[in-house]
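Single-structure report; data block below.
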Amino acid sequence: MSAVDPTEIFRQEAEELLEQLEQALLDLEHAEDGRELVDGAFRALHTIKGSGAMFGFEQVAAFTHEFETAFDRVRKEHLAPSRELVAVALAAKDHIRALIEQAETADAAAGDAIIQELRRVTDDGGAEIDEAPAVEPVADQTGTTTWRIRFHLAQDALVTGTKPLLLLDELRSLGTCTVTGLADAVPPLEELEPEALYLGWEAILATSHPREAIDEVFMFVLDDMKLEVERLDAPPAAGPSADPAPAPSPVGEAEAAEPDLSTVPVVVPLAAPEKTRREADAGKTTNSIRVPAERLDQLMDRVGELVIVQARLSQLAASGADTALKSIAEEIERLANELRDTTMNVRMVPIGSLFGRFRRLVHDLSRDLGKQIDLVTSGEETELDKTVVERLADPLVHLIRNSIDHGIEPPSTRLAAGKPMRGQVRLEARHAGTEVLIAITDDGKGLDRDRIRAKAEEQGLLAPGLKLSDNELYQYLFHPGFSTAREVTAVSGRGVGMDVVKRLIEALRGTIDMATTPGRGTTITLRLPLTLAIIDGLLVRIGQDRYIIPLTAVEECVELSAAEDGRSAGRSFLSIRGDLVPFLRLREVLGSNSPPDPHQKVIVVSTGELRVGLVVDQVIGNHQTVIKSLSRLHADVDTFSGATILGDGSVALILDIAQAVELGHAQADRQRAS
Amino acid sequence: MSKVILTVDDSASIRMMLKMTLTGAGYQVSEAANGVEGLAKAQEKPAHLVFTDLNMPVMDGLTFIRELRKLPAYRGVPILFLTTESDGEMKRQAKEAGATGWLVKPFQQDQLLSVVKKVLGA
């Protein structure tokens, strides 16, 4: 368990609040009655200010106070939220984020300017400027401080006459106190010394007494106990802070003076301290808990191991005659599958959180470019693996920028073309089987076939006159350094190209496709797997070795007869229902020496529209696979995207389909050229 | 029934001071002048709390504490020893022997009562 840093919790909390604030501000621009939105913005600011002061972010608190004051005026006086106000409020929000991230390097002058501007746009003339100190006092008026006190006494403490209940009573006499028993150190029954004390306690104490009063309580036992005292409502001391209590179960009033065996964790809910109440509020709105991502990764990892072991068990059971073992193996298989599904479910997050971010992007970009563009989103509730959602952010930003910059025309051009003045970018997500489709559609001018073709030929990527399907042609957009933008604008055409987008999507085992209608717009469709941790694969054999081909990429399997194989020796093309599909002999690619089987199979795989056949010796069958990434030593191996462990304990490598398709087409190009 | 406190000290004046204060606060007090007497008294009349000096003839305080802790009836009974502020090493030894806490000499009546309250409860 990792230690939880309270300032880190504040940062996370602030990040979410800022996000809410931004959404509220953006909505304000169009809202008819913005009162609720203003209230929402005000609440977010208030919380940021309050917790900022508590966790030592004084500059955040001071700045947010000014921001809040301005918004309070908007709220109380029902000022109409002007464009101007929204603009400066967005700038202020960004400034808060900068202050939270790195207060020292944040531009103080810019902050002051923003405050002046905020005052100006919300000032109704003579209102006095509030110069009062911005930071709310850390302790409240009564001078109460809240402490978290965790202690474990020496194991012989009971024998030597210390009575924990009296210590707790003494703590209670200092103020308002909530006590929780900590049973984590209690050993199994057979190792338990009847007279020994294993329990610990955690007390949340709100007291006006000084810190020394707490030590006073423990004066006799201070030398041979573990005592952690942490101030909850103030910047934490430099030392490592304690882990949160492992979910204590509330029982009744602390009665046990000598904790006997029946003494389970004891909780005395007196008055919930500030912090607990805030957590409860948060729980009410979202009804969810926050878990560090790495714990989810660990869980997935363990489940993966379990699934592998379970596969071995099933194989073992199937090979024997023990029916009892077989039925257990079946039961475990069922449970393991359910556990795997549940775990994957836990990792799913709605993609809406990602879509929300793009509203600001579209707002800023269209302003910068003098275009009027609406972002329409749908399918926000579509769930995807957390990692996939995170890694989608960059590619999507780029694609949306492209749509806005290259796709959608300036208002005058649009009007001239008989289109509505306001352009539209649609962002849609939906499930399709085990995949998620994300479509970015603009109603702009569409891709210019001829220009792409000219550019590809100019760069020597394409032989002049070669006949290509639209999709094949558009794939050239993904070549490194390929940009048809005549001039580089500030928005796109810098650094990150479509090739990077493609690589990022393929790293997620996704594919990217384009469709366009000249003058009507472009749709870019991303297909992504629901999860990265597990794939459905087709287990194949080449020579002695077994490999996995991701099932999502497989289109069909056909037999490659020896006769046909011989015929096609020089030219590796296969005619599938009239289409010429290039194929790769995997045994050559992978360097297998054993003679090919007489009845080889061709597995036709595709990434989007491009297809290639892979020749294997045998198709063994479907195999659900837990992906293990290759070690760093193999980071430069691009033929395989990972490995998995089969039921018999042997390793199978997972073929990287994007790479295979590329290889197949490169080979096809060479053969076409020769 | 009021609680019983055993005081073990070779100094009669200290015993007197303890007895006056404790009986005045409603406790029953039994007394002993050294560790051996103390062990006998402790078994004769079970005590809820024991005060002991450390430097005593016949059987010193550390031995007394160790012996007392061996008696099943006295496992868990608070034992406080009387000490002087400077005696850090003695404190450690006495704690190791099984003492619960200490009272620093010289002490005032209210200090005595508050330490009794601390280990016996109200």
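Taken as a whole, region B:83-105 holds no residue that is of a type in the set (A, V, I, L, M, F, W, C) and over 16 Å from residue A:220 (Cβ atoms).
Flag set for residue A:656, criterion: under 30 Å from residue A:340 (Cα atoms) and free of Cβ contacts under 8 Å to residues at least 24 places away in the same chain. Filter region A:614-634 down to the residues that are crowded, with 17+ Cβ neighbours inside 10 Å and under 30 Å from the mean Cα position of the chain (by Cα) and list them by number. Correct list: A:623, A:625, A:626, A:627, A:628. Whether a residue is free of Cβ contacts under 8 Å to residues at least 40 places away in the same chain, buried (at least 17 other Cβ atoms within 10 Å of the Cβ) and over 18 Å from residue A:543 (Cβ atoms) was assessed, and residue A:637 does not pass this test. Quick check on region A:2-15: of everything there that is of a type outside the set (A, V, I, L, M) and farther than 15 Å from residue A:95 by Cα, which residue is modelled with the highest pLDDT? Per the stated criteria, the residue is A:12. Scanning region B:96-111 for residues that are within 14 Å of residue B:54 (Cα to Cα) and more than 12 Å from chain A (Cβ to nearest Cβ) gives a single hit, B:105. Name, by its number, the condition in (1) touching a strand residue (DSSP E or B) at 6+ places or on another chain (Cβ under 9 Å); (2) modelled with pLDDT under 75; (3) part of a loop (DSSP other than H, G, I, E, B) that does not hold for residue A:624. Answer for residue A:624: the failing condition is (3). Restricting to region A:185-202, name every residue that is surrounded by 14 or more Cβ atoms within 10 Å (Cβ to Cβ) and out of contact with any Lys or Arg (no Cβ under 7 Å at 6 or more places or on another chain). Once the filter is applied, which keeps residues that are surrounded by 14 or more Cβ atoms within 10 Å (Cβ to Cβ) and out of contact with any Lys or Arg (no Cβ under 7 Å at 6 or more places or on another chain), region A:185-202 yields A:186, A:196, A:197, A:198, A:199, A:201. Counting only residues that are surrounded by 16 or more Cβ atoms within 10 Å (Cβ to Cβ) and over 30 Å from the mean Cα position of the chain (by Cα), region A:424-457 holds 8 of them.
Can you say whether residue A:101 is within 14 Å of chain B (Cβ to nearest Cβ), surrounded by fewer than 19 Cβ atoms within 10 Å (Cβ to Cβ) and modelled with pLDDT of 80 or more, as far as the supplied structure shows? I'd like the intermediate steps shown before the answer.
Details: within 14 Å of chain B (Cβ to nearest Cβ): no; surrounded by fewer than 19 Cβ atoms within 10 Å (Cβ to Cβ): yes; modelled with pLDDT of 80 or more: yes.
Answer is no for this residue.
Would it be correct to say that residue B:35 is farther than 16 Å from residue B:5 by Cβ, in contact with a helix residue (DSSP H, G or I) (Cβ under 9 Å, 6 or more places away or on another chain) and more than 12 Å from every other protein chain (Cβ to nearest Cβ)? Criteria met by residue B:35.
Residue B:10 meets each of the listed conditions (1) of a type in the set (Asp, Glu); (2) assigned to a loop (DSSP other than H, G, I, E, B); (3) within 16 Å of residue A:220 (Cα to Cα) apart from (3).
Tallying residues that are at pLDDT 85 or above and either within 11 Å of another protein chain (Cβ to nearest Cβ) or in a loop (DSSP other than H, G, I, E, B) (or both) within region A:139-156 yields 4. The set of residues in region A:205-223 that are within 14 Å of chain B (Cβ to nearest Cβ), of a type outside the set (A, V, I, L, M) and assigned to a loop (DSSP other than H, G, I, E, B) comprises A:218, A:220. For region B:41-55, indicate whether the set of residues that are within 27 Å of residue B:110 (Cβ to Cβ) and β-branched (Val, Ile, Thr) is non-empty. Yes, because at least one residue in region B:41-55 is within 27 Å of residue B:110 (Cβ to Cβ) and β-branched (Val, Ile, Thr). Here A:452, A:440 are screened, and the one residue that is assigned to a helix (DSSP H, G or I) and either of a type in the set (Ser, Thr, Tyr) or in contact (Cβ under 8 Å) with a residue 12 or more places away in the chain (or both) is A:452. Hey, among B:63, B:23, which residue is of a type in the set (Ser, Thr, Tyr) and out of contact with any strand residue (DSSP E or B) (no Cβ under 9 Å at 6 or more places or on another chain)? Going through B:63, B:23 in turn, the sole match is B:63. Please determine, by comparing only the residues of region A:173-193 that are in contact (Cβ under 8 Å) with a residue 60 or more places away in the chain and in contact with an Asp or Glu (Cβ under 9 Å, 6 or more places away or on another chain), which one is nearest to the other protein chains (Cβ to nearest Cβ). Checked region A:173-193; the qualifying residue nearest to the other protein chains (Cβ to nearest Cβ) is A:179. For region A:340-369, the set of residues classified as buried (at least 17 other Cβ atoms within 10 Å of the Cβ) and over 30 Å from residue A:400 (Cβ atoms) consists of A:340, A:343, listed by residue number. The single condition among (1) part of a strand (DSSP E or B); (2) at pLDDT 80 or above that residue A:660 does not satisfy is (1).
Scanning region B:45-72 for residues that are more than 16 Å from residue B:29 (Cα to Cα) and crowded, with 22+ Cβ neighbours inside 10 Å, which turns out farthest from the other protein chains (Cβ to nearest Cβ)?
Pass one, region B:45-72, residues more than 16 Å from residue B:29 (Cα to Cα): B:54-72.
Still in the list and also crowded, with 22+ Cβ neighbours inside 10 Å: B:54, B:56, B:61, B:64-65, B:68.
On the way: B:54: 16, B:56: 20, B:61: 15, B:64: 14, B:65: 9, B:68: 10 Å.
Checking each candidate, the answer is B:56.
Taking region A:538-561, which residues are closer than 15 Å to residue A:435 by Cβ and in a strand (DSSP E or B)? Scanning region A:538-561 gives A:550, A:554, A:555.
Would you please name the residue that is farthest from the other protein chains (Cβ to nearest Cβ), looking only at residues in region A:157-172 that are of a type in the set (A, V, I, L, M), assigned to a helix (DSSP H, G or I) and free of Cβ contacts under 8 Å to residues at least 60 places away in the same chain?
Residues of region A:157-172 of a type in the set (A, V, I, L, M): A:157-159, A:165-168, A:171.
Add one more test, that the residue is assigned to a helix (DSSP H, G or I), and what stays is A:165-168, A:171.
Next, only the ones that are free of Cβ contacts under 8 Å to residues at least 60 places away in the same chain stay: A:167, A:171.
On the way: A:167: 9, A:171: 12 Å.
Applying the filter and picking the extreme gives A:171.
The residues of region B:73-95 that are more than 9 Å from chain A (Cβ to nearest Cβ) and surrounded by fewer than 22 Cβ atoms within 10 Å (Cβ to Cβ), listed by number, are B:73, B:83, B:84, B:85, B:86, B:87, B:88, B:89, B:90, B:93.
Within region A:574-585, being farther than 9 Å from residue A:613 by Cβ and either part of a loop (DSSP other than H, G, I, E, B) or in contact (Cβ under 8 Å) with a residue 60 or more places away in the chain (or both) holds for A:577, A:578. For region A:63-85, the candidate set comprises residues that are surrounded by fewer than 19 Cβ atoms within 10 Å (Cβ to Cβ) and of a type in the set (A, V, I, L, M, F, W, C); within that set, the residue that is nearest to residue A:25 (Cα to Cα) is A:80.
The values are calculated or read from the model by the stated rules, or taken from the named source; none is laboratory data. Predicted, not measured: the structure shown is a model, and the values here were computed from it. Cβ: placed from backbone, ideal geometry, glycine included. Neighbour counts: every protein chain shown.
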